[in-house]
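The values are calculated or read from the model by the stated rules, or taken from the named source; none is laboratory data. It should be emphasised that the depicted structure is a prediction, and the values quoted were computed from it without experimental measurement. Positions of Cβ are backbone-derived with ideal geometry, glycine not excepted, and every protein chain shown enters the neighbour counts. All accessible areas refer to the heavy atoms of the entire protein, side chains included, with ligands and DNA or RNA removed. Shrake-Rupley method; radii C 1.70, N 1.55, O 1.52, S 1.80 Å.
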Amino acid sequence: MTLATSDIDFLRDLVAKHSGNVIAPRQVYMLEQRLAPLAGTIGLGDVPALVAKLRSTNDANLSNQVAEAVTVNETSFFRDMHVFEAMRKSVIPDLMKKNERSKEIRIWCAACSSGQEPYSLSMVIREHFPQLASWKVSIVATDLSEEMLSKSRSGAYSQLEVNRGLPAKSLVRYFERKGASWQAKRELSELIDFRRLNLTTPWPFLGQFDVIFIRNVLIYFDQRTKADILTRMRRALRPDGYLFIGAAETTIGLNVPFQRTEIDATVCYRPNSQ
Ligand SMILES: C[S@@+](CC[C@H](N)C(=O)[O-])C[C@H]1O[C@@H](n2cnc3c(N)ncnc32)[C@H](O)[C@@H]1O
């Protein structure tokens, strides 16, 4: 079934309001594809019936479910490997020097999707920095989607998912076979605190971080929303912290308090001095 233009416009507005995600014309097919199962789950026959319910009830909970259902959750282990290399070679060694007194390192992995990114960070820490076992290392991993967070918390990945980016050596070292899937070991998951957080609304106080990963999500926002999120992230980042955005993302054209720098092959952003 093809959705009426008025229903498409209604859904695009609703998604923009609840998650900031801009549904590009080439992604409109996703509305039908992703929302048909949601309509079925809640006992509505099809997407036009779902739109009719949304129009008549203005149900905030249902609106959030719609916004979450149309998020793009593409991810993989060690996505853009050079970023993890920069963490291993430069960032973590630098933080170990700077935070020698507090013995604490805090990382925020914003828009973590199904968890491969924070588990990859956890592996870098466990594999290469045994000295940090006595430190307080924490990775706060957040996402808008409850479904993605539940998958992340489970720490269970299919063969297909581990085939994407996870070296065989790390698979056998940090995961256990559990039926048809692979279960992340506790030594990885114990570093990670998964929480729901919508980047486009005011977020709760999370403290300050040494490193923020906000990769492959800015592309779904308009310029104003990107700038607003990055400006607020500056306040959540220590003055000498590190920010990583996606390989295909840029701050060009945005008035944000960061300066671009490079660590080997990796682009990284550092706060402007204030
Ligand atoms: C393409 S994935 C990126 C995953 C991972 N960071 C990576 O680079 O592989 C984008 C994620 O952003 C999340 N997302 C979209 N809009 C969001 C919002 N307003 N607040 C928080 N997360 C959001 C989606 O749920 C999705 O899991």
Scanning the stretch 258-274 for residues that are part of a strand (DSSP E or B) and not aliphatic (A, V, I, L, M) gives F258, Q259, R260, T261, E262, T266, C268, Y269, R270, P271
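Out of the residues in the stretch 90-107 meeting the condition of being hydrophobic (A, V, I, L, M, F, W, C) and more than 16 Å from the ligand (Cβ to nearest atom), tell me which one is nearest to E190 (Cα to Cα). It would help to see each step written out before you state the result.
Taking the stretch 90-107 and keeping what is hydrophobic (A, V, I, L, M, F, W, C), we get 91-92, 95-96, 105, 107.
Now drop any that are not more than 16 Å from the ligand (Cβ to nearest atom), which leaves 91-92, 95-96, 105.
Details: V91: 21, I92: 18, L95: 20, M96: 20, I105: 14 Å.
Checking each candidate, the answer is I105.
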Is the stretch 81-98 home to any residue that is touching a residue at least 24 places away in the same chain (Cβ under 8 Å) and in a loop (DSSP other than H, G, I, E, B)? no
The conditions are (1) touching a residue at least 60 places away in the same chain (Cβ under 8 Å); (2) within 16 Å of the ligand (Cβ to nearest atom), and A60 fails exactly one of them. Which is it? (1)
Restricting attention to the stretch 23-38, does a residue exist that is closer than 30 Å to I125 by Cβ, part of a helix (DSSP H, G or I), under 26 Å from the mean Cα position of the chain (by Cα) and at pLDDT 95 or above? no
From the list R79, R26, R34, which one is more than 21 Å from T200 (Cα to Cα), touching a helix residue (DSSP H, G or I) at 6+ places or on another chain (Cβ under 6 Å) and not hydrophobic (A, V, I, L, M, F, W, C)? R34
Please determine whether any residue of the stretch 202-218 is free of Cβ contacts under 8 Å to residues at least 24 places away in the same chain, more than 23 Å from K98 (Cα to Cα) and surrounded by 20 or more Cβ atoms within 10 Å (Cβ to Cβ). no
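At least 2 residues that are within 11 Å of the ligand (Cβ to nearest atom) and among the basic types (K, R) in each: list the strands (runs of 3 or more DSSP E) lying fully within the stretch 142-257 that qualify.
Numbers: elements: 175-178, 181-184, 192-196, 209-214, 237-245.
Because the criterion is at least 2 residues that are within 11 Å of the ligand (Cβ to nearest atom) and among the basic types (K, R), the strands (runs of 3 or more DSSP E) in the stretch 142-257 that meet it are 192-196.
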Of the residues R101, R126, only one is among the basic types (K, R), farther than 24 Å from I219 by Cα and in a helix (DSSP H, G or I); which? R126
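Only one of A86, A110 is open to solvent by less than 10 Å² (accessible area, probe 1.4 Å), more than 11 Å from the ligand (Cβ to nearest atom) and among the hydrophobic types (A, V, I, L, M, F, W, C); which?
Details: A110 fails: more than 11 Å from the ligand (Cβ to nearest atom).
After applying the criteria, what remains is A86.
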